[in-house]
Amino acid sequence: MKTGEGILNELGSQHHVSQLASIGQIAAGIAHEVRNPLTAVKGFLQLLQQDQKQEYVEIAHSELDNALKTLNNLLQVSKPDLEDEEFQSIYLSVELESIINLFQDKMYEIKVITDFKDTDSAIYGRKTQFKKAFFNLIKNAIEAMNGVGTLTLTHCVVGQEVMVTIKDTGMGIPEEKLSLLGTPFFTTKDEGTGMGLAQVFSVIYQHGGNITIDSRENQGTKFTIRVPRHHNKSHRGVRNLNVLYEETYTIKEFFLENQKLFEDRLLTEATNVRDKIEEIHNIGSINLLNNAHRLVLYVVEGREHELISFAKQEGRAWARHSLTLAFKLEWIQAIRRTLWDFLYNFYKLKNVEIDRVAFYSMEKSINELIDQFLTYFFINYTKYKDEELDKQRLLVENLSVPIIPINSDICILPLIGAIDEIRIKTIQDKVFAEIENRQIQTLIIDLSGVASMGQVGADNFIQIIDGLTMMGCTTILTGMRAEIVKKLIAQGNQLLKRAVFKGTLQLALNDVVFKKESLESIIEK
Ligand code: ADP
Ligand code: MG
């Protein structure tokens, strides 16, 4: 510990040196976190030169996204304090999560346990400062554990406060030093600055919160932070905004001229979405802000058709990139609120009194259009997802109808699993197509792996055999289990005339392929 006069001396040269050290630490962190993904990207680019695989492009993309995310988080933490940073709703669990990610390179031997409850409760304040505070606390915790231990983070609501705890299993703090914590420049580390906790304390107190510390030497330390909850008032009434306005403006011009302000307001309304905008842009090249503008213009101009086709297109894009629906809903509701604020300001400045009927008509048509957007969006989102599922199902079904050629005119079709209505249809399509393409003379269908066959399945199965006969192909059925036989004879005994039966696949192969016994003689037996 550097005490008393020490602190004064340090303010000269040493203080400067230690500040450099902390920049150095951050730089080392950046280098590590960003170098790894970049190295991976380089590797995949090399692979791409040799082998054009879409997969490589995708991996390179996601690695670059990781690097960008890390850089963004680091920039947030190292941003200088903005005196005028706006207050906003902050979800502390979200911030904790993003800060932990910065320490990934230190986490090899450190177990991280998170227990986040009440994550929909926010506090209100300056976000960058909270990010920095968590960064400082987690950094201290990790340093105290010297590379090995357990870091436990919790988040929950207690009464009217959000409570966060950060607990480590590190070296602890001797009792006599507890009261010094938070004093600027108090540090016990060779390269410490003693500024971390000072920042933490100041942020927590500035936000009306409090902080307590439990610590035992050689056992660990727990910091408990409580900050008043922020109640998102959903009903706030309309806002007066500092909009640009000229008497000649049409409503469209009004929105175009105030585009920047609209974006700002929208971002303040949509607290949760804000942080994801960039991510969504990276994942799906979806520009949420531009799209919000487009939607608003369609709505105020009543361009229903364009709005609907836009909604369809967005629904599919959203589904294609598996973006969450809750998110979209929140975003659209924020657009709706912001839109009404702007409409209020427009009509106020225009200085026309809208009568009650006119107002309610406008209300109805605007909200209806937004609802329509949502409806078409969701329908197409779901449709896309369903189509994807169908495609996958088809693929799996096709894979499960393997037609194996034995020689130029004999093939085997081993069926496995359940033969239901949908599957039998796939089997039929595939079998008929193959018989035609490959001119198969004999098809051995092995049923020993069929788990079950429904009545409709059995019916259709017999039809397939009929079809094969019509196409001049002889069918040999093998591996018929009692249960399957029961299902088939329930449909009458047509099958007996159309197919040849063998107990097992092996027997059939022996007869037809290896002994080259002629089919006629088999049938005669
Ligand atoms: P620095 O980390 O640069 O030393 P801080 O203000 O962040 O400065 O911390 C001040 C001191 O408080 C540290 O040097 C350390 O002695 C003590 N300390 C803070 N957090 C912990 C912790 N989780 N476990 C043990 N000691 C801690
Ligand atoms: Mg520190």
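A few remarks follow.
- Charge tally in the Cβ shell below 12 Å around LEU307, where Lys, Arg are +1 and Asp, Glu are -1, LEU307 excluded: -3
- Residue-wise HN-Hα coupling along the range 213-220, computed from phi with Karplus coefficients 6.51, -1.76, 1.60 (Hz; x: Gly, Pro): 10, 10, 8, 10, 4, 6, 10, x
- Rounded to the nearest 500, the helix-only mean residue ellipticity at 222 nm of the chain stands at -18500 deg cm²/dmol, with each DSSP H run of n ≥ 4 adding -39,500 (n - 2.57).
- If the segment from GLN52 to GLU301 were pulled out straight at 0.36 nm per residue, it would be longer than the present Cα-Cα gap by 85.0 nm.
- Degrees, to the nearest 10: 325-350 long Cα axis against longest axis of the chain: 50
- To the nearest ten degrees, helix 455-470 and the longest principal axis of the Cα atoms of the chain are 50 degrees apart.
- Each of ARG320 and PHE359 was given a label point 7 Å from its Cα along the Cα-to-Cβ line. The distance between the two points is 4.4 nm.
- Peptide packing for 107-120, 152-165 was compared via the average number of neighbouring C-beta atoms within 10 Å per residue; ordered from the highest value, the list is 152-165, 107-120.
- Nearest 10 degrees, 0 to 90: helix 127-144 Cα axis against the chain principal axis: 80
- Here each label is just a point 7 Å from Cα along the line to Cβ, and for LEU178 and LYS383 those points are 6.5 nm apart.
- The range 302-320 residues near the modelled GLN372 label - backbone nitrogen below 12 Å, point 7 Å along Cα→Cβ: 302-311
- Applying 1/(1 + (r/R0)^6) with R0 = 35 Å to the Cβ-Cβ distance of VAL148 and ASP65 gives a FRET efficiency near 0.70.
- Averaging the sequence gap over all C-alpha pairs within less than 8 Å and six or more residues apart, then dividing by the number of residues, gives the range 82-236 a relative contact order of 24 percent.
- Residue-normalised accessible area of the chain, expressed per residue, 1.4 Å probe, Å²: 55
- Counting only protein chain heavy atoms and rolling a 1.4 Å probe, the accessible areas of MET362, MET171 rank, largest first, as MET171, MET362.
- Of the solvent-accessible surface of the chain, computed with a 1.4 Å probe and all protein chains present, 53% belongs to carbon and sulfur.
- Mean sequence separation of contacting Cα pairs (under 8 Å, at least six apart), scaled by the length of the chain, corresponds to a relative contact order of 8 percent.
The values are calculated or read from the model by the stated rules, or taken from the named source; none is laboratory data. This structure is a prediction, so every number in the text was calculated from the model and none was measured. For neighbour counting, all protein chains shown are included, and Cβ atoms are generated from backbone atoms with ideal geometry for every residue, glycine included. The area values use the complete protein model at the heavy-atom level, side chains included, leaving out ligands, DNA and RNA. Shrake-Rupley method; radii C 1.70, N 1.55, O 1.52, S 1.80 Å.
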